[in-house]
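Visitor: Below is the structure I would like to discuss, written out as structure tokens.
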Amino acid sequence: MVLNKPIAVIDSGVGGLTVVQELLRQLPREEIVYFGDTARCPYGPRPQEEVRRFSYQMLDFLDQFEPKMIVIACNTATAVILEELQQINDKPVVGVIHPGVRAAIKATVLGRIGVIGTQGTIASGLYEKALKQIHPHLYVKSLACPDFVPLVEQGEYQTGKTYEIVRRSLLPLLDENLDTLVLGCTHYPILAPVIQDVMGEDVKLISSADETAREVSTLLFHKNMLSQKFERPEHLFFTSGDAEQFKRIAEAWLDMPVNVCQVSLAKQV
């Protein structure tokens with residue numbers, strides 16, 4: 001049955017696990033097949049055509065599992081391929097930008113919103129465009145934080161070094177009188193406690209990962225596509241990089257044992 005097919009989730013690395021964590025919490029009967037392209041992470045500094053090619057390589061690999069829905073759990077890839085993928089697919093495709101935008105607009109009181117993300121996401125301007133399309137009078141301050149993704153991929157997100165890098169990166173936002181900050185990269189929620197400490201308790205953090213999972217849940221419900229399985233789902237995790245390192249981060253973040261397979265995508269077209 002199509003209803004019992006898995007949800008495919010792709011990301012440039014381990015950041016999409018923040019989406020998976022919420023999917024597991026909200027939709028415990030759904031099966032997940034995940035691909036993290038850790039060998040070629042980060043995507044942020046890469047040319048758009050390269051991001052597009054890498055994303056389709058992951059999707060082509062996961063197609064063997066006949067997923068009923070695709071989640072692009074990478075802001076950079078969402079900016080590059082979401083609209084195209086929605087046009088050519090007969091299955092639902094969800095990205096991570098618009099769910100975060102809607103949550104930020106709902107959360108802000110002052111109308112002053114910050115957006116942090118990779119170089120590619122910030123350069124695309126999609127967050128600011130989407131925010132102002134809904135609410136034209138918002139003040140939006142965007143900032144690329146290229147040092148954040150490597151911290152998460154290396155598993156260094158609870159050290160003094162991490163705090164200093166985050167503090168230094170966010171300095172341009174501290175005098176902007178923001179009341180809402182969009183974590184415009186699915187790696188960033190893993191750094192949320194440090195980001196919150198630096199920004200202060202009066203700034204509301206918006207996780208695009210959390211909001212994306214809510215959108216997936218809503219879509220599956222309204223399209224009558226929720227899984228009918230009663231047995232425990234078997235999730236599959238694939239990475240193009242170090243499977244052991246991916247496994248350590250995944251198990252720590254998801255708080256459950258996971259099996260990870262290493263797959264090389266380098267020779268795929």
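Taken together, the values in this text are just the output of simple stated rules run on the coordinates, not laboratory data. Note that the structure is a prediction, hence the values are computed from the model and not measured. Heads up, the Cβs are rebuilt from the backbone with ideal geometry, glycines too, and the neighbour counts pull from every protein chain shown.
Visitor: Could you work out the relative contact order of the chain? I mean the mean sequence separation of Cα pairs under 8 Å and 6+ apart, divided by the number of residues, in percent. Display every interim value, and only then the final one.
Guide: On the way: 502 pairs, mean separation 75.6, N = 269.
Reported as a whole number, the value is 28 percent.
Visitor: Turning to a different aspect of this structure: Would you mind putting 221-227, 207-213, 148-154 in packing order, based on average other-beta-carbon counts within 10 Å, highest first?
Guide: In descending order of packing, they fall as 207-213, 148-154, 221-227.
Visitor: Would you kindly derive the ³J(HN,Hα) couplings of the range 32-46 from the backbone phi angles with the Karplus curve 6.51 cos²θ - 1.76 cosθ + 1.60 (θ = phi - 60°), listing them in order in whole Hz, with x for Gly and Pro?
Guide: 3J(HN,Hα) across the range 32-46, in whole Hz: 10, 10, 10, 10, x, 7, 5, 5, 10, 7, x, 8, x, x, 7.
Visitor: Taking the dipole about the Cα centre of the chain, with the C-beta of Lys and Arg at +1 and of Asp and Glu at -1, give me whichever of Phe54, Asn4, Gln86 is farthest to the positive side.
Guide: Toward the positive end, the furthest listed residue is Gln86.
Visitor: To continue, here is another question. Contact order normalised by length for the range 98-208, with contacts defined as Cα pairs under 8 Å and 6 or more residues apart; what percent is it?
Guide: Working: 164 pairs, mean separation 39.9, N = 111.
Once divided by the residue count of the range 98-208, the mean separation gives 36 percent.
Visitor: Can you tell me which lysines have their Cα less than 18 Å from the Cα of Lys106? Leave out same-chain residues fewer than eight positions away.
Guide: Those lysines meeting the cut-off are Lys129, Lys132, Lys141, Lys204.
Visitor: Calculate, axis by axis, the spread of Cα positions in the range 119-232 along the three principal axes, and write the results as whole Å, longest axis first.
Guide: Taking max minus min along each principal axis of the Cα atoms, the range 119-232 gives 48, 38, 28 Å.
Visitor: Between Asn177 and Glu251, what length in nm is gained on full extension when 0.36 nm per residue of separation is reduced by their alpha carbon distance? Let's see the in-between values first.
Guide: On the way: separation 74, 0.36 × 74 = 26.64 nm, distance 3.70 nm.
Here the segment from Asn177 to Glu251 would lengthen by 22.9 nm.
Visitor: Would you mind putting 17-27, 121-131 in packing order, based on average other-beta-carbon counts within 10 Å, highest first? Could you put the intermediate results ahead of the total?
Guide: Working: 17-27: 22.2, 121-131: 20.2.
So the order, starting with the most tightly packed, is 17-27, 121-131.
Visitor: Something else about it: Taking the dipole about the Cα centre of the range 143-269, with the C-beta of Lys and Arg at +1 and of Asp and Glu at -1, give me whichever of Ile195, Ile206, Val152 is farthest to the positive side.
Guide: Val152
Visitor: Tell me what the chain gives for mean residue ellipticity at 222 nm when only DSSP H runs of n ≥ 4 count, each as -39,500 (n - 2.57), the sum divided by the residue total, rounded to 500 deg cm²/dmol. If you can, show how the numbers build up before the last one.
Guide: Values: 11 runs with 116 residues, N = 269.
Rounded to the nearest 500, it is -13000 deg cm²/dmol.
Visitor: In addition: Of Ala144, Ala252, Ala192, which has the largest mean-square fluctuation in a 10 Å C-alpha GNM of the chain?
Guide: Ala252
Visitor: Further question on the same structure: Dipole magnitude of the chain about its Cα centre, charges +1 at Lys/Arg Cβ and -1 at Asp/Glu Cβ only, in debye to the nearest 20?
Guide: Working: 26 positive and 33 negative charges, 88 e Å.
Magnitude of the dipole: close to 420 debye.
Visitor: Beyond 22 Å, what percent of the Cα pairs of the range 5-138 remain? All intermediate terms of the calculation are to be shown ahead of the outcome.
Guide: Details: 3413 of 8911 pairs.
Of all Cα-Cα distances in the range 5-138, 38 percent exceed 22 Å.
Visitor: Using the Cα atoms of the chain, I'd like the radius of gyration and the largest Cα-Cα distance, Dmax, both in angstrom.
Guide: Over the chain's Cα set, Rg and Dmax evaluate to 17.6, 54 Å.
Visitor: Below 8 Å between Cα atoms, with a sequence gap of 6+, how large is the relative contact order for the range 1-79 in percent?
Guide: Working: 103 pairs, mean separation 39.0, N = 79.
Result for the range 1-79 is 49 percent.
Visitor: Let me ask something additional. Given 0.36 nm per residue, what is the gain on full extension from Ile134 to Asp202 after removing their alpha carbon distance, in nm? Spell out each step's value before the answer.
Guide: Values: separation 68, 0.36 × 68 = 24.48 nm, distance 2.38 nm.
Length gained between Ile134 and Asp202: 22.1 nm.
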